[in-house]
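The values are calculated or read from the model by the stated rules, or taken from the named source; none is laboratory data. Everything numeric in this text was worked out from a predicted model, so none of it was measured. Cβ sites come from the backbone with ideal geometry, for glycine too, and all protein chains shown count toward neighbours. These accessible areas exclude ligands, DNA and RNA; they are computed on the full protein's heavy atoms, side chains included. Shrake-Rupley method; radii C 1.70, N 1.55, O 1.52, S 1.80 Å.
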Amino acid sequence: MKKLASWLKEQKITEVEAVISDFTGIARGKIMPSNKFLAEKGIRLPESILIQGVTGDYVDDEIYDDLMDPAEVDMILKPDESAVHKIPWALEPTALVIHDCYDKQGNLINTAPRAVLKNVLALYQAKGWTPVVAPELEFYLTQRSANPDHPLQPPVGRSGRPESGRQSYSIDAANEYDPLFEDVYDWCEEQGLDIDTLIHEEGAAQMEINFRHGDALSLADQVFLFKRTVREAALKHGINATFMAKPVSHEPGSSMHLHQSILDKEGNNIFSNEDGSPSKLIDHYIGGLQKYVSESMALFAPNVNSYRRFLSNASAPVNLAWGIDNRTVSLRVPESTADSRRVENRLAGADANPYLSFAASLLCGYLGMINEIEPTEPETGNAAEDSNDKRLPLNLEEALELMENSEILKETLGEHFVRCYVEVKRAEYQNFKEIISSWERQYLQMTV
């Protein structure tokens, strides 16, 4: 804590947000004066917050008692001194400190999303490998609306008009929101978030930010913080930002594509041979993804809304195919040099928890390499038209059932984590089923 204490003093920090991520990716924790934060030497939170659903509800009492210690014990939060960030939008000097969760015996609590990713990275470390990732995150800017039954609308830009139509890669359309994105870039720089390119995506007021490639745990932290940063910047400018997978009807969904490669101890990309050709390891990595992503789908698409992205002839892939420079497949290998050869997993939605989706993708690839799983032949045409290709689970119910029955996920991620995650998501789904949609009222009320 000495390094952290010195930094807080140097930056004249008066307030600290001690946070962790829950399954949804919500930042949960405590806000306190910096001197109290240092004096406590370990924040405590009830372990049960890790299984709190997006609605704030918990699983049924009978299931809860089976998953959690009935005494509702506390977990001990320990700060990661490499994950300390100054909050630019705060009214007084404030730092956000990401923590890891431990039990009283000093063991990582394996239901915490950050611990799930750290445990997968430990598998790579044991082999002398280091994953390198680069996420691409899409989101929508929208007008503010207090009524959740009202469809979301594009916000008014600098021209005084809301955006309409499709504007893929339009510079002028992106520049409509220049003041907001100037804040986003400034705030990300101040926090040490390594963002790169801004792109206007296909949907009305849909944007994409690409991150520079780097360490998987650091990038997961950065995505976790970036979502909050964009939402705060949008609020400052009188609009909203949403990372829902499919927030607007008849518009494209928002994804979180993940580029991934693996380095050996000497820093060489193991996906390439010395002569620059693709190695067998990249084949096996792809084979592992093809074999296990269906069982992991609930980590890439964690919400009911997530599956609205996966429609036939939409931009989101609904297959297990792979191909070179082919955007109709789930697993794309971009054209690249030997040093930057990588696999792009195009399945995850923008609503996915970055810790869990990174962990799932890296785990599937790891299992492929360890077990030498061969991939299918690469797809050279439109994979969406290949009716013989095995399909992914296309609803949350099916995805949770596959995850619940996955022996390999229980073995590698822990049976307790798998059960907790499935039960929380089932509780959320049950909550969703109790709500009657406007579509049902519009088309069924007077016709059935």
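Remarks
- Per-residue [θ]222 nm for the chain (sum of -39500 (n - 2.57) over DSSP H runs n ≥ 4, rounded to 500): -10500 deg cm²/dmol
- Remark: the Cα gyration tensor places the stretch 341-381 in the oblate category, a/c being 1.5 or greater and a/b not exceeding b/c.
- Candidate aspartates and glutamates - alpha carbon under 13 Å from LYS118, same-chain residues fewer than 8 apart omitted: ASP80, ASP100, ASP215, ASP221
- Relative counts (whole %) of C-alpha pair distances in the stretch 102-234, using bins that are 5 Å wide: 2, 9, 16, 17, 15, 13, 10, 8, 5, 3, 1, 0
- Portion, in percent, of the accessible area of the chain that falls on carbon or sulfur, probe 1.4 Å: 47 percent
- Local electrostatic count, ASP103, Cβ distance below 14 Å [Lys/Arg +1, Asp/Glu -1]: -2
- When the chain is treated as a Gaussian network with alpha carbon springs shorter than 10 Å, the biggest mean-square fluctuation among ALA39, ALA359, ALA383 belongs to ALA39.
- Counted charge near GLY128, where neighbours are those whose Cβ lies closer than 15 Å (Asp, Glu -1; Lys, Arg +1): 0
- Highest mean packing first, where packing is the average number of other Cβ atoms within 10 Å per residue, the peptides 254-265, 86-97 line up as 254-265, 86-97.
- Per residue accessible area in Å² of the stretch 85-130, where ligands, DNA and RNA are left out and the probe is 1.4 Å: 42 Å²
- Subset of LYS12/LYS236; LYS41/LYS127; LYS3/LYS30 violating a 31 Å alpha-carbon distance limit: LYS41/LYS127
- GNM on the chain, alpha-carbon springs under 10 angstrom: the most fluctuating residue among TYR64, TYR292, TYR307 is TYR64.
- Entry note, the chain: relative contact order of 16 percent, from Cα contacts under 8 Å with a spacing of 6+ residues.
- Full extension of the chain between ILE49 and GLN430 yields a length gain of 135.2 nm, computed as 0.36 nm times the residue separation minus the alpha carbon distance.
- Under 11 Å, Cβ to Cβ, from ARG166 - net charge with Lys/Arg +1 and Asp/Glu -1: -4
- Farthest positive-ward along the chain dipole, Cα basis, beta-carbon charges - from TYR177, TYR355, ALA126: TYR177
- Proportion of all alpha-carbon pairs of the stretch 88-143 beyond 19 Å (%): 61 percent
- Normalised contact order of the stretch 1-141, rounded percent, pairs of Cα under 8 Å and 6 or more residues apart: 24 percent
- Rounded to the nearest 20 debye, the dipole magnitude of the chain is 840 debye, with +1 charges on Lys and Arg beta carbons, -1 on Asp and Glu beta carbons, and the Cα centre as origin.
- Per-q log10 I(q)/I(0), the chain, q = 0.10, 0.14 Å⁻¹ (Debye; single scatterer per alpha-carbon; no solvent): -0.75, -1.50
- With all protein chains kept in place, the per residue accessible area of the stretch 197-277 amounts to 38 square angstrom at a probe of 1.4 angstrom.
- For the stretch 307-360, the solvent-accessible area of protein heavy atoms averages 32 Å² per residue (probe radius 1.4 Å; ligands and nucleic acids excluded).
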